[in-house]
Amino acid sequence: MTESGRREFLATATMLGATAAVATAARAQRFGNPDSPPQGAVNAADNPGTTNTVVGPQNPALADQFPSAISPPPTDVDALPMFWASFNNAHKRIQNGGWARQVSKKDFAIAESIAGVNMHLSAGGIRELHWHQTAEWSIMTRGRCRITTLDAQGRPRVEDVEAGDLWYFPAGLPHSLQGLGPQGCEFVLAFDDGSQSENNTLLLTEMMAHFPPEVIGKNFGVAADAFQNIPLHPRWIFQGKEPGDLAADREASGVAQGGEPVIFRMSRSQPVKQTAGGVIRIADSTNFPISKTIAAAMVTVKPGALREIHWHPNADEWQYWMQGQGRMTVFDTGPKATTMDFHPGDIGYVKKSLPHYIENTGHEDLVFFELFRTDRYEEVSLSNWLTHLPPALVAEHLNIDVATIARFPKGGPGVVPV
Ligand code: MN
Ligand code: MN
């Protein structure tokens, strides 16, 4: 739209006694859409029927989920590499005892630092004893689970985790997971390498079947015949008997005091930021010492509220969207700016130091996780930066007055209320 066309459009909207929402949108359009040539539906305001309507083949159910892709805000320009993925349409490997689906770098090219897995285990369902060359971080999203592991000093751990709890297994340390009653469990785990897969883990059964029987016998000091019935194919996930009392399992495993905690009750931890708009909790090596390669934030955003504009100077961000819905714009040099919509089960990814915000666009609390392959959570808040500069310097950049700058939040609110 030309300058005069844009003024005419605004004047028409005003004359028609437009609603406050339309007036707000129109005001935003006056200073949004900075690009030359301009992009966005604002260009089609005079001719919407022909330029911004999809009439060809389409999937309306899917289109409804992505309003920001169908009609990007006029401030969007060019496009960043795809930073949206989802467990919702990932292949599900189903076995008796549970299922798993994953999104790794193979499916989601931008996600170099972290691969994600969504898994369900029935009550008694076992993710077989295994280990891998990457570390494993996980958040329980539903139900309860019993985990076992052994640390590098040979000390065992047996723990029960429930919704809102984390676990962390350092690379190479063996572990198992088993769903507890009545409904088993679901969780999302993250490997600290975008290329790791839940299908290339080192499995106890597979290894035992691939060492000579006489060596296995010698190793354990028993006759090789004792192993004649071991499974010759991996179990991976299988239905087991639901475990009993935790204390008895610990006793039987020889669990003694000592060793680093491998679980963290994240949803019950003290928030690091809290406003009327939401809450941020952090789990990293400062409060969960074993978590040396994954730092995490659990963020709750009230309807309409905004996870403030910020970036992370030390690592890429891998997001898991657990509840509610929202939109995120990511900005990069170029300029590039892309807005995308997210729903439960979706995954987002933001490269190190690229600014982004997340706005709750739904009617319930939005809950999502930010994960980073690093030992410590770090962020730069735009408002905290701009309120810790000589005000005249900021005023000269942005053509706003010093009194306005004085009203900006200080200290980085984390989540800005409506
Ligand atoms: Mn594992
Ligand atoms: Mn972030």
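None of the figures in this text is laboratory data; all of them are computed from the coordinates on show. Here the structure is a predicted model, which means the values were calculated and not measured. All Cβ positions, even for glycine, are placed from backbone atoms using ideal geometry, and neighbour counts span all protein chains on display.
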Seminar exercise, completed: The value for the stretch 266-416 (convex hull of the alpha-carbon atoms, volume per residue, Å³) is 121 Å³
Exercise. Can you work out the base-10 log of I(q)/I(0) for the chain at q = 0.07, 0.09 1/Å, using the Debye formula on its C-alpha atoms alone?
Worked result: -0.43, -0.66
Problem set entry | 12 Å Cα-Cα reach of residue 92 towards aspartates and glutamates, excluding residues that sit fewer than 8 places from it in its own chain | 198
For this session: Note down the relative contact order for the stretch 299-418 as a percent, whole number, built from C-alpha pairs under 8 angstrom at least six residues apart.
Result: 37 percent
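Please report the relative contact order for the chain, taking Cα pairs under 8 Å with a sequence separation of at least 6, and give it as a percent rounded to a whole number.
Across the chain, relative contact order equals 16 percent.
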For this session: Considering only 69, 163, 226, give the residue with the highest GNM mean-square fluctuation for the chain, with springs between Cα atoms whenever their separation is below 10 Å.
Result: 226
Problem set entry | Length released on extending from residue 153 to residue 71, taking residue separation times 0.36 nm less the Cα-Cα span | 23.9 nm
For this session: Would you kindly calculate the translational diffusion coefficient of the stretch 100-176, applying Stokes-Einstein with the Kirkwood radius from alpha carbon pairs, for 25 °C and a viscosity of 0.890 mPa s, and quote it in µm² s⁻¹ without decimals?
Result: 179 µm²/s
Problem set entry | Relative contact order (%) - the stretch 90-264, alpha-carbon pairs under 8 angstrom, separation at least six | 30 percent
Exercise. Where in the stretch 291-326 does the amide nitrogen come within less than 18 Å of the point 7 Å from the Cα of residue 418, taken along Cα to Cβ?
Worked result: 300-308, 324-326
For this session: Evaluate E = 1/(1 + (r/R0)^6) for residue 400 and residue 208, where r is the Cβ-Cβ distance and R0 equals 45 Å; express this FRET efficiency to the nearest 0.05.
Result: 0.10
Problem set entry | Linear extension gain, residue 218 paired with residue 46, 0.36 nm per residue minus alpha-carbon span | 53.7 nm
For this session: Determine the gain in length on full extension of the stretch residue 253-residue 272; use 0.36 nm per residue of separation and subtract their C-alpha separation, reporting nm with one decimal.
Result: 3.2 nm
Seminar exercise, completed: The size of the Cβ-based charge dipole (Lys, Arg +1; Asp, Glu -1) of the stretch 284-418 about the Cα centre, to the nearest 20 debye, is 140 debye
Problem set entry | Residue among 249, 365, 346 with the largest mean-square fluctuation in a Gaussian network model of the chain, springs linking Cα atoms under 10 Å | 249
Exercise. Based on the Cβ-Cβ distance of residue 228 and residue 160, what FRET efficiency does E = 1/(1 + (r/R0)^6) give at R0 = 30 Å, to the nearest 0.05?
Worked result: 0.30
Exercise. Cα centroid distance between the stretch 86-164 and the stretch 370-392, in Å?
Worked result: 31 Å
Exercise. For the stretch 90-264, what is Rg from Cα atoms divided by 2.2 N^0.38 Å, rounded to two decimals?
Worked result: 1.05
